[in-house]
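What follows is one structure encoded as structure tokens, with my remarks underneath.
The values are calculated or read from the model by the stated rules, or taken from the named source; none is laboratory data. Since we're looking at a predicted model, the values are computed, not measured. A quick note on method: Cβ atoms are made from the backbone with ideal geometry, for glycine too, and the neighbour counts reach across all protein chains shown. In case anyone asks, the SASA skips ligands and DNA or RNA and just uses the protein heavy atoms, side chains included. Shrake-Rupley method; radii C 1.70, N 1.55, O 1.52, S 1.80 Å.
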Amino acid sequence: PTSSVFSVSDNARVNESGQTYIAYLFASLPGISKVGSYSGNGSSQNIDCGFTSGARFVLIKKTNSAANWILFDSARGIVSGNDPYLFLNTTSAEGTGYDLLDPYASGFTIASGDATINASGDSYIFYAIA
């Protein structure tokens, strides 16, 4: 891959003849969006994205083992307390019973040591939009 082009292999899961595929590509734009990573610490931690009024959309994925893509957004509520969330790769209903993510002026706060988004020693990637 380069800064403007990516390629796929000849594997049928990503390049089968006659099939249609979609690729979602994300990039950081200062003050607007942030692609990043963090290491889980098992307790609360602030993720600084360089925003001026916090994140309104946050997508997180654990990378060192199988896990769901978890989505938080301000339409559902990024609040101190239990946050509505969706697992993007399942058909599960919206979850609401856990305080996982909290507002933070320059990004977002991981509110707990929940294994979905902050298990100690695990690695995570995220995409956030101001």
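Each row is one residue, and each column tells you yes or no for (1) polar (S, T, N, Q); (2) out of contact with any Gly (no Cβ under 8 Å at 6 or more places or on another chain).
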site	(1), (2)
Ala67	no, yes
Ile70	no, yes
Gly81	no, yes
Tyr85	no, no
Asn89	yes, yes
Ile117	no, no
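Looking only at the stretch 77-130, residues that are at positive phi and open to solvent by 20 Å² or more (accessible area, probe 1.4 Å) come to 2 in all. Against the conditions (1) within 18 Å of the chain's Cα centre (by Cα); (2) closer than 19 Å to Ser112 by Cβ, Gly81 satisfies every one except (1).
Scanning the stretch 26-55 for residues that are modelled with pLDDT of 95 or more, within 12 Å of the chain's Cα centre (by Cα) and open to solvent by 50 Å² or more (accessible area, probe 1.4 Å) turns up Lys34, Val35, Ser37.
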